[in-house]
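Every number in this text was worked out from the coordinates using simple rules, so none of it is lab data. This one's a predicted model, so the numbers in the text were calculated from it and none came from an experiment. Cβ: placed from backbone, ideal geometry, glycine included. Neighbour counts: every protein chain shown.
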Ligand SMILES: [Zn+2]
């Protein structure tokens with residue numbers, strides 16, 4: 001929740017105006033400094049969301065915001081690309097795409113995005129985590145932290161470490177006419193399991209009241225330390241890692257100008273479907289039709 005310090009920028013602007021005189025020069029005092037690329041008025045404590053996850057799950061895969069514009073809204077985040085062409089991981093200001101084979105690229109600035117959440121990451125706390133056996137125990141532990149900090153805020157996290165096991169997924173690019181996300185993933189989800197891989201988990205916690213706008217609880221993506229591998233996290237384990245938490249107190253959602261969005265029926269409760277597409281791996285789907293051993 002650290003506030004951006006813009007005093008130094010303002011002071012620089014005043015100094016620029018110092019040597020000048022006359023009323024025409026006076027206005028120059030209030031001009032923004034030319035050399036800075038970061039908008040000093042940007043709210044670093046707001047989660048910016050492109051569209052609703054519920055729009056994406058209905059098949060609105062049309063991009064509405066460019067990678068370049070998304071970088072103006074945050075430096076950490078998760079999402080996907082036009083046509084659900086891979087999983088989006090934003091970390092340290094760079095946007096990566098994890099393809100359906102788990103490999104990654106730096107996403108081109110002109111690529112467009114149908115759904116994402118980003119913020120500017122200012123860690124409010126940092127701590128060591130140890131002995132996490134699976135994603136269930138990680139989420140339980142994170143839920144306890146969210147409950148303690150206040151369950152009705154948004155939290156962005158990063159977990160840096162060496163992961164004993166990382167089970168992630170991405171998906172094949174979809175072609176029009178777009179199917180629902182559940183249908184698309186039932187055939188086009190691809191999964192990867194890596195062992196002893198260093199990297200960073202990027203995660204977002206959405207409060208319960210976000211049920212109609214996003215996935216409630218924790219949504220985690222992964223990118224390797226060498227930035228060559230990544231995806232949407234289905235499971236993981238680790239001995240030691242560092243958890244950093246950024247608590248945010250604002251929410252800003254952009255309603256997309258896509259051809260599908262204006263007429264989408266967003267009245268249906270999709271929470272069960274969303275839980276499935278967010279958490280289910282192909283093995284679990286297979287197991288549903290098998291008898292227990
Ligand atoms: Zn995801």
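Specify, per residue and in Å³, the volume enclosed by the convex hull of the alpha carbon atoms belonging to segment 105-218.
155
Binning every alpha carbon pair distance of segment 37-178 at 10 Å from zero, what are the percents per bin?
P(r) for segment 37-178, in whole percents per bin: 10, 35, 37, 17, 1.
Once you have the Cα-Cα distance between residue 239 and residue 226, take 0.36 nm times their residue separation minus that, and quote the gain in nm to one decimal.
This chain segment gains 2.7 nm when fully extended.
Under the classification rounded if a/c is under 1.5, otherwise prolate if a/b is larger than b/c and oblate if not, where does segment 56-101 fall, given a ≥ b ≥ c as square roots of the Cα gyration tensor eigenvalues?
Oblate.
Using 7 Å Cα-to-Cβ label points, what is the residue 186/residue 149 separation (nm, one decimal)?
Here the modelled spin labels are 3.7 nm apart.
Work out how far the C-alpha atoms of segment 46-285 reach from end to end along every principal axis, then list the three figures in whole Å, largest first.
So the extents along the principal axes, rounded to whole Å, are 47, 36, 34.
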